[in-house]
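The values are calculated or read from the model by the stated rules, or taken from the named source; none is laboratory data. All of these numbers come straight from a predicted model, not from anything done at the bench. Glycine gets a Cβ as well: all are built from the backbone with ideal geometry, and neighbour counts include every protein chain shown.
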Amino acid sequence: MTNYQLIMTLLLRGNSYRTIQAHCGAAHATIAKARKALDQHNLTTEAQIMGHSNEDLALMIGDGRATTAGEFVTIDIDTIIKARTGRKKTPLNVLWANYLNIPAPEGLRHYSYERFRQLVNRHIAAQGLTTRVHHIPGHTCQVDWAGTTMQLIDPISRKTTKVSIFVATLPYSGLVFAHGLLDQRQPSWLAAHRLAFDYFGGVPEVIVPDNASTASNAITTGDRARRVNTSYEEFLTHYNTAALPARPLRPKDKGNVESGVKVITNWAILKLAGRDFTNLDDLNGALRGAVDEINDRIPFRDQPLSRRQIFIDAEQDLLAELPHQPFVSTVWKKAKVAPNWHITVSTVHYSIPYTYVGDTVDVRIRGEQLDVFAGGITIATHQVTNQRGAYVTDIAHCPPGMEDPTQLWSAAYFLNQAARVGPFTRKVIDALLAAKPIVAQGYLPARNILGMGKGENKIILEEACRRLVGEGDQPRAVSYTAVKNMMAAVRSDLAARPTTIAEVPPRPSGQDQRSQHHRRRGGLLGGADQFSLDSLMGKKEDQP
């Protein structure tokens, strides 16, 4: 018999469902029923629990299997087996509903659905028969990406952006959920799960995903065995559930979500294919309306009920409660502080106290907050931005006297370096620095621009800068990309310019070179006497 006293005691002590399962061997649904019974009967102390026998607690919970007292209405196994064979199989929960319609003689009662399912499966196993997978309410949620995508359309350029559709289903009730996201990467995968749990109003005991890398990874190369990846496991632990990835080449492991994907594709995605969506919120609003229609449609599985009615009647109360705080993903990175006292994370530049220039720091991204650590101490905190190439700068991080060319980089330093290239390059760097709200934000692009003018490229850089800021009344916008593209245009013009190749005279031999050299130097003008011993010794002949 299940030890309900122990289960309820552990619940009062705040233990998680998973811990109680490991300790007592009880099913997730049983623990959920015990939690509900505690609330209904206002049992708030361990003394109250120990004041009831285990049988009394079983009656409170409503599990007829916990006691042998009483008799049950007989199940017509032969009729059920016949209904479960052939091409058109009657769902087991429909057969259970038909079983409940059998009048119960006085003193007898009907089996619960879970016990009904166990008895049928036991008989099938004893007879060596096969049967379809039967699902327990609140136990499983299957998730996957739909193969058919939707799209957003820019109202001006008519450019399209692909939208992936995440699908989640509860196999017992058939309730479906769908949501569109711009990619299938890990953050989107986790965000879609969170939205699905919110839609269901609770968390199933097990999540069954496909073998996507966002869910699991192969333990070793070429091995079919897989393990749940760290980010996904942390997310599911926060929601007190776990993942059981489908086995490779085993479509029955996630057959319900495959069916759900087909339903979503036919009755939501294709139904909305004729509409143009310009933003993701409008698309998901329309998608949610189509999903609600699917869940409210009657009949379902040959019953005069909808998916939502089955979910509310038999499954909703068995889902685990949502945590008080939603999951916030945490990502750790390392970054080196550049001379402009900023670090770069996903193309965005975040300021760091200038004293850490040149150091490597730890970066933690938790939700929308970015924290920077050095030696275990927090040295900077910023709000995460998704604007590519943006600068997020705290004035308090600026070095004192930052315009002094002897301290780190400065505007004067870059202007001096640009002047060595030419006046137009200096004008470009000056305009670049002036365009930044904080001058130091222009140091890195200035360094990159000057780096393109090394060696023979100095002339090309100066000409590109002349074209950018030296032509016309309205100079063009200045940026690293603009200068780089203009340098490419200058090279293209030089390559296309016609050239004349002059005839090069043959190079003289070594002896001819020496003769020419001597002729230029006048080495033979003194005659042969200059090589006499007296001339070489510097002696002069006596004059008569």
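Within region 25-49, how many residues turn out to be over 20 Å from Glu315 (Cβ atoms) and of a type in the set (Gly, Ala, Ser)?
Looking only at that region, the number is 2.
Looking only at region 234-246, filter to residues that are of a type outside the set (Ser, Thr, Tyr) and at pLDDT 80 or above; which one of those is farthest from His139 (Cα to Cα)? Working first, answer last.
So the first thing to find is which residues in region 234-246 are of a type outside the set (Ser, Thr, Tyr), and the list is 234-236, 238, 240, 242-246.
Now narrow it down to the ones that are at pLDDT 80 or above: 234-236, 238, 240, 242-244.
Values: Glu234: 20, Phe235: 18, Leu236: 14, His238: 17, Asn240: 13, Ala242: 11, Ala243: 12, Leu244: 12 Å.
Restricting to residues being of a type outside the set (Ser, Thr, Tyr) and at pLDDT 80 or above, the top hit is Glu234.
Just name the residue that is surrounded by the fewest Cβ atoms within 10 Å (Cβ to Cβ) out of those in region 206-233 that are in contact with a helix residue (DSSP H, G or I) (Cβ under 9 Å, 6 or more places away or on another chain) and at pLDDT 85 or above.
Applying the filter and picking the extreme gives Val206.
Does Asp183 fit the bill of being free of Cβ contacts under 8 Å to residues at least 60 places away in the same chain, among the acidic types (Asp, Glu) and out of contact with any Lys or Arg (no Cβ under 7 Å at 6 or more places or on another chain)? Before you say what the answer is, go through the steps one by one.
Numbers: free of Cβ contacts under 8 Å to residues at least 60 places away in the same chain: yes; among the acidic types (Asp, Glu): yes; out of contact with any Lys or Arg (no Cβ under 7 Å at 6 or more places or on another chain): yes.
For Asp183, the condition - free of Cβ contacts under 8 Å to residues at least 60 places away in the same chain, among the acidic types (Asp, Glu) and out of contact with any Lys or Arg (no Cβ under 7 Å at 6 or more places or on another chain) - is met.
Kindly indicate which of Ala314, Ala286, Ala335, Ala290 is touching an Asp or Glu at 6+ places or on another chain (Cβ under 9 Å) and of a type in the set (A, V, I, L, M).
Numbers: Ala314 fails: touching an Asp or Glu at 6+ places or on another chain (Cβ under 9 Å); Ala286 fails: touching an Asp or Glu at 6+ places or on another chain (Cβ under 9 Å); Ala290 fails: touching an Asp or Glu at 6+ places or on another chain (Cβ under 9 Å).
Going through Ala314, Ala286, Ala335, Ala290 in turn, the sole match is Ala335.
Every residue, every condition in (1) in contact with a His (Cβ under 7 Å, 6 or more places away or on another chain); (2) assigned by TED's automatic domain parsing to the domain that holds Asp198; (3) more than 30 Å from His139 (Cβ to Cβ), yes or no:
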position: Pro323; (1), (2), (3): yes, no, no
position: Asn340; (1), (2), (3): no, no, yes
position: Ser346; (1), (2), (3): no, no, yes
position: Ser351; (1), (2), (3): yes, no, yes
position: Asp362; (1), (2), (3): no, no, yes
position: Ile365; (1), (2), (3): no, no, yes
position: Phe373; (1), (2), (3): no, no, yes
position: Val421; (1), (2), (3): no, no, yes
position: Val428; (1), (2), (3): no, no, yes
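Residue by residue through region 390-404, note down the ones that are at pLDDT below 80 and either touching a Cys at 6+ places or on another chain (Cβ under 6 Å) or surrounded by fewer than 15 Cβ atoms within 10 Å (Cβ to Cβ) (or both).
Within region 390-404, Ile395, Pro400, Gly401, Glu403, Asp404 qualify.
Name every residue in region 269-289 that is in contact with a Leu (Cβ under 8 Å, 6 or more places away or on another chain) and free of Cβ contacts under 8 Å to residues at least 40 places away in the same chain, in order of residue number.
If the condition is that a residue be in contact with a Leu (Cβ under 8 Å, 6 or more places away or on another chain) and free of Cβ contacts under 8 Å to residues at least 40 places away in the same chain, then Ala286 is the only one that fits.
Looking at the structure I just gave you, is Ala435 more than 28 Å from Thr330 (Cβ to Cβ) and without any contact (Cβ under 8 Å) to a residue 24 or more places away in the chain?
Working: more than 28 Å from Thr330 (Cβ to Cβ): yes; without any contact (Cβ under 8 Å) to a residue 24 or more places away in the chain: no.
Criteria not met by Ala435.
Exactly one of these conditions fails for Ala290: (1) surrounded by fewer than 19 Cβ atoms within 10 Å (Cβ to Cβ); (2) in contact with a helix residue (DSSP H, G or I) (Cβ under 9 Å, 6 or more places away or on another chain); (3) in a loop (DSSP other than H, G, I, E, B). Give me its number.
Every listed condition holds for Ala290 apart from (3).
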